[in-house]
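Written out below as structure tokens is the structure these notes cover.
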Amino acid sequence: MTAGTPLLNIHGVSRSFGDIRALDDVSLEIHENEFFALLGPSGCGKTTLLRVIAGFEQPDEGMITLDGVDLLPIPPERRAVNLMFQSYALFPHMTVERNVAYGLVCERLPRDEIRVRVDEVLRTVGLTDKRSSLPRELSGGQRQRVALARAIVKRPRLLLLDEPLSALDRKIRGEMQVELKRLQHEVGITFVVVTHDQDEAMSLADRVAVMDEGIVRQLDAPLDLYRRPRSIFVADFIGSSTILKGTYADGAWQAVGVGAIAVGADCAGAIAIALRPEAVRLTATEDAAAVRLGTVQEVYFQGDHALALVKVDEVAFLANVRDDVLPSRGSDVGVAWDATSVIPLFEE
Amino acid sequence: MPALVYLLVLMVIPLGLVIAYAFLTSGRFGGVQGPATLDNITRLFQPLYLEVLASSVVNAGLATFIAFLIGFPAALAITRLSLSWQTVALIAVVMPFWTNFLIRTYAWILLLNREGILSDGLALIGLGPIEVLYTREAVILGLTYAYIPLMVLPIYASLQRLDSMLLEAACNLGAGPWRRFRTILLPLTMPGIITGCLFVFIPSLGNFVIPELLGGGNSQMIGNLIRDQFLKSRDWPFGSALSLLVLALLVIIVMLQASAARRSRKWGA
């Protein structure tokens, strides 16, 4: 298969549960060897989409093809798609080895081949010495590796991962994130991760689809998603930003509550503009660069920088502060930004 | 403390009496008298009594097996219902217990006899009339019917506890329905299945009402034998010895169940 041809083609897929439209005309193309992320708040439909691809749900409308073959008539147990469950769903009465071998036994492979492949995958995830343990005897991180091993040992065309890191504590999460990325390169399987954690999606994925209320709001590479969000929802959901609603007139943004602001980008047709905190700086009140004057309301220390919340009239601006001396609460400051860093937003 | 009194009065003293009686001689008009003897115990091993015990075990075992074959799918079907319908279904399962056991068993006589619904129904399609009443099959049917709710309830409870994700995971890994049943559903609900089987097997083994009413004189079980020793032959010591035999058998079975339960606890929640 040539690069660029979609491995998985989701076309116009909709699914409702009663009055709730979990998926609303979703179309996506996922390419071979891609690390793809479905990102969205809980209830946005991302898990439903995953279950539709795995075959546990049938869509009301639409079509899904894998390698050009219609996937929907194929029962879930015969799809070349494996799923790593959020809760891992390890079989509690089977050892690590039998858990991992389960999918191969289902394929009725010869015993020798099963042993070779299980050994190999246990080495890949670093669990060779735990092969005779029961899931109960493993740590959270180890259980996750077993779940992963059990899915990749089948050598699926597509591996679906449902919130793969959510059950792990923060420290292990970082390690597993690196591990997942390494594995994806090593085994050469297309990964689709479902997550509500933007950091996870942004750092792992080649491309991210941001979903909300059953709709794909934006599909882009992480950097583009961050730099050029198209909607208020995406600008707000990914990273943080100051969002100023208003209208574009006379070459300037007429922001509600703040007044006219010079903008570098073409904002015709925009419904709001966004400013990332790193684009906003605090200045002395008398500084000529200050665009507006405001009062510092809160300062959140973040380690390498601090995030200041500055109230300008009725609008709260977010600004990163990298100075050694942090502004004190209640002090009057100027807020400044370059007109070119203004991001126009065209949708809600 | 009340529990201890309870145990003493209802368990230890009666059991002690049964054990003591088994080693005494029978009185002329019932009751027991000295001297102590092992005759009752040796008499247990006469082929006549062993045969009755064996056929009782087979009857109770078959009833248990049939109750499982019907009860497991029934329990599974109940777990698939919505929560409010599950309650309705469970009430329906225990509803027969609201009616007296004897009356329900008499009802089977009406259904099974030569002029009964079963025979007439089969006659309509040219398969009857048949005589089911007063056969061994009728006894097994009666036992199955009487205790099947005790099979359904524990299996339902263990199916409820089962994480449905495990079945989806097995499906996703390529297991068809039969393999999912055999490798996931069955082993993980085994504690409930074993409990259900014991709940059916134990009362079936000692039952004497159903063999009497539905089996006529043709199908004696160990319960009938024990009852007859006390009420007809007035041989309390031998009746006690027979009771101990049944008890010993059940103790062995319950011990096996306990070790199986220990094994499944090792898997963790």
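Brief remarks on what is shown
- Close contacts from segment A:141-157, counting a first residue that is within 21 Å of A:Glu34 (Cα to Cα) and away from every other protein chain (no Cβ under 12 Å) and a second that is among the charged types (D, E, K, R) and not in a helix (DSSP H, G or I), with Cβ to Cβ under 7 Å and a gap of 6+ residues or different chains, come to A:Arg157/A:Asp67.
- Scanning segment A:192-230 for residues that are of a type in the set (Gly, Ala, Ser) and either touching a strand residue (DSSP E or B) at 6+ places or on another chain (Cβ under 7 Å) or open to solvent by less than 10 Å² (accessible area, probe 1.4 Å) (or both) yields A:Ala201, A:Ala205, A:Ala209, A:Gly214, A:Ala221.
- Taking the criterion of being in a strand (DSSP E or B) and within 14 Å of chain B (Cβ to nearest Cβ), the residues of segment A:69-94 that qualify are A:Val81, A:Asn82, A:Leu83, A:Met84.
- Screening the candidates B:Leu10, B:Leu48 for the property of being farther than 28 Å from B:Gly215 by Cα, under 25 Å from the mean Cα position of the chain (by Cα) and without any contact (Cβ under 8 Å) to a residue 24 or more places away in the chain yields one hit, B:Leu10.
- Boolean, B:Arg234 is part of a loop (DSSP other than H, G, I, E, B) and open to solvent by 40 Å² or more (accessible area, probe 1.4 Å): yes
- Exactly one residue among A:Val315, A:Val342, A:Val325, A:Val256 is within 28 Å of A:Glu213 (Cα to Cα), among the aliphatic types (A, V, I, L, M) and open to solvent by 40 Å² or more (accessible area, probe 1.4 Å), and that residue is A:Val256.
- In summary, B:Trp98 fulfils each of the numbered conditions (1) touching a residue at least 60 places away in the same chain (Cβ under 8 Å); (2) under 26 Å from B:Ala75 (Cβ atoms) with the single exception of condition (1).
- Being in contact with a helix residue (DSSP H, G or I) (Cβ under 6 Å, 6 or more places away or on another chain) and either open to solvent by less than 30 Å² (accessible area, probe 1.4 Å) or facing chain B (nearest Cβ under 10 Å) (or both) is a property that does not hold for A:Leu66.
- Verdict on B:Ile148 being crowded, with 20+ Cβ neighbours inside 10 Å, more than 14 Å from every other protein chain (Cβ to nearest Cβ) and assigned to a helix (DSSP H, G or I): yes
- Residue that is more than 26 Å from A:Leu7 (Cβ to Cβ), among the hydroxyl-bearing types (Ser, Thr, Tyr), under 28 Å from the mean Cα position of the chain (by Cα) and assigned by TED's automatic domain parsing to the domain that holds A:Val13, where the choices are A:Ser139, A:Ser132: A:Ser139
- Search result, residues across segment B:19-36 that are at pLDDT below 90, part of a loop (DSSP other than H, G, I, E, B) and at negative phi: B:Gly27, B:Phe29, B:Gly34, B:Pro35, B:Ala36
- Single match in B:Ala169, B:Ala107, B:Ala138 (criterion: under 21 Å from the mean Cα position of the chain (by Cα), surrounded by 20 or more Cβ atoms within 10 Å (Cβ to Cβ), among the small types (Gly, Ala, Ser) and assigned to a helix (DSSP H, G or I)): B:Ala138
- Within segment A:177-191, the only residue that satisfies the criterion of being over 18 Å from A:Val153 (Cα atoms) and either surrounded by 16 or more Cβ atoms within 10 Å (Cβ to Cβ) or not assigned by TED's automatic domain parsing to the domain that holds A:Arg150 (or both) is A:Gln177.
- Condition check for A:Leu165 on (1) at pLDDT below 90; (2) buried (at least 21 other Cβ atoms within 10 Å of the Cβ); (3) out of contact with any helix residue (DSSP H, G or I) (no Cβ under 6 Å at 6 or more places or on another chain): one failure, at (3).
- Subset of segment A:123-155 [surrounded by fewer than 19 Cβ atoms within 10 Å (Cβ to Cβ) and farther than 18 Å from A:Gln177 by Cβ]: A:Arg123, A:Thr128, A:Asp129, A:Arg131, A:Ser132, A:Ser133, A:Arg136, A:Glu137, A:Leu138, A:Arg155
- All positions within segment B:248-269 that are open to solvent by 60 Å² or more (accessible area, probe 1.4 Å) and within 14 Å of chain A (Cβ to nearest Cβ): B:Arg262, B:Arg263, B:Arg265, B:Lys266, B:Ala269
Quick grid of which residues meet (1) touching a helix residue (DSSP H, G or I) at 6+ places or on another chain (Cβ under 8 Å); (2) free of Cβ contacts under 8 Å to residues at least 12 places away in the same chain; (3) in a strand (DSSP E or B):
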{"residue": "A:Cys267", "(1), (2), (3)": "no, no, no"}
{"residue": "A:Ala270", "(1), (2), (3)": "no, no, no"}
{"residue": "A:Leu282", "(1), (2), (3)": "no, no, yes"}
{"residue": "A:Thr285", "(1), (2), (3)": "no, no, no"}
{"residue": "A:Ala290", "(1), (2), (3)": "no, no, no"}
{"residue": "A:Val299", "(1), (2), (3)": "no, no, yes"}
{"residue": "A:Ala308", "(1), (2), (3)": "no, no, yes"}
{"residue": "A:Leu318", "(1), (2), (3)": "yes, no, yes"}
{"residue": "A:Val325", "(1), (2), (3)": "no, yes, no"}
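The values are calculated or read from the model by the stated rules, or taken from the named source; none is laboratory data. The shown structure was predicted, so the numbers you read here are calculated from the model rather than taken from an experiment. Note that we place each Cβ from the backbone using ideal geometry, even for glycine, and neighbour counts take in every protein chain shown. The area values use the complete protein model at the heavy-atom level, side chains included, leaving out ligands, DNA and RNA. Shrake-Rupley method; radii C 1.70, N 1.55, O 1.52, S 1.80 Å.
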